[in-house]
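J.: Here it is: the structure, laid out below.
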Amino acid sequence: MIGVELSGAVTFRVFLPHASRVQVVGTFTDWRRCPIDLKREHPGWWSGSLPVDSGDHKFCYLVDDSVWLADYAAHGVILDPGGHWLSRLRIPCVGHEIITRPIAPAPARVTRPEPAPAAG
């Protein structure tokens, strides 16, 4: 999941409880040249925030230095020429409207049925 602030700061968050290391790699990190390490949060979440320049970007999570994982909750995905799924990230210029996704899902609302009126 991603969250984008008006300033262009992006929070990346992914649930990978069995991972030993998770990094964000993309066009804004020159892919593997300057990966961003995410911090482990319990129970199994990884997250990190960083500023990203305005524009259209592509990224993936690099899990344990070997598995590339697209974020399907980002701004879409694209299939690259090599057959790999990449996540899309769009950072608007300052002053433009932005649509963000929540970082954490809202708690489920539980409703109880109304009791039936008493007969009589």
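Bear in mind that the values in this text are calculations on the coordinates, not laboratory data. In this text the structure is predicted, and so the values were computed from the model without any measurement. We place every Cβ from the backbone using ideal geometry, glycine too, and count neighbours over all the protein chains shown.
J.: Between a first residue in segment 1-28 that is of a type in the set (Phe, Trp, Tyr) and a second residue that is assigned to a loop (DSSP other than H, G, I, E, B) and crowded, with 17+ Cβ neighbours inside 10 Å, which pairs have beta carbons less than 7 Å apart while being 6 or more apart in sequence or on different chains?
T.: Listed pairs, sorted by first residue: Phe12/Leu38; Phe28/Val52.
This table checks each residue for (1) out of contact with any strand residue (DSSP E or B) (no Cβ under 7 Å at 6 or more places or on another chain); (2) farther than 17 Å from Ser87 by Cα.
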{"site": "Leu6", "(1), (2)": "yes, yes"}
{"site": "Val10", "(1), (2)": "no, no"}
{"site": "His18", "(1), (2)": "yes, yes"}
{"site": "Val24", "(1), (2)": "no, no"}
{"site": "Arg32", "(1), (2)": "no, no"}
{"site": "Arg40", "(1), (2)": "no, yes"}
{"site": "Phe59", "(1), (2)": "no, no"}
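J.: While we're looking at this one, here's another question. Can you tell me which residue in segment 37-56 is nearest to Pro92 (Cα to Cα), limited to those that are surrounded by 18 or more Cβ atoms within 10 Å (Cβ to Cβ) and out of contact with any Lys or Arg (no Cβ under 7 Å at 6 or more places or on another chain)?
T.: Val52
J.: Restricting the search to segment 1-49, which residues are within 10 Å of the chain's Cα centre (by Cα) and over 17 Å from Asp71 (Cα atoms)?
T.: Hits for segment 1-49: nothing passes.
J.: Ok, one more. Please determine, by comparing only the residues of segment 57-86 that are among the hydroxyl-bearing types (Ser, Thr, Tyr) and without any contact (Cβ under 8 Å) to a residue 40 or more places away in the chain, which one is surrounded by the fewest Cβ atoms within 10 Å (Cβ to Cβ).
T.: If we filter segment 57-86 for residues that are among the hydroxyl-bearing types (Ser, Thr, Tyr), which is where we start, we get 61, 66, 72.
Within this subset, residues satisfying the condition of being without any contact (Cβ under 8 Å) to a residue 40 or more places away in the chain are 66, 72.
Working: Ser66: 7, Tyr72: 10.
Checking each candidate, the answer is Ser66.
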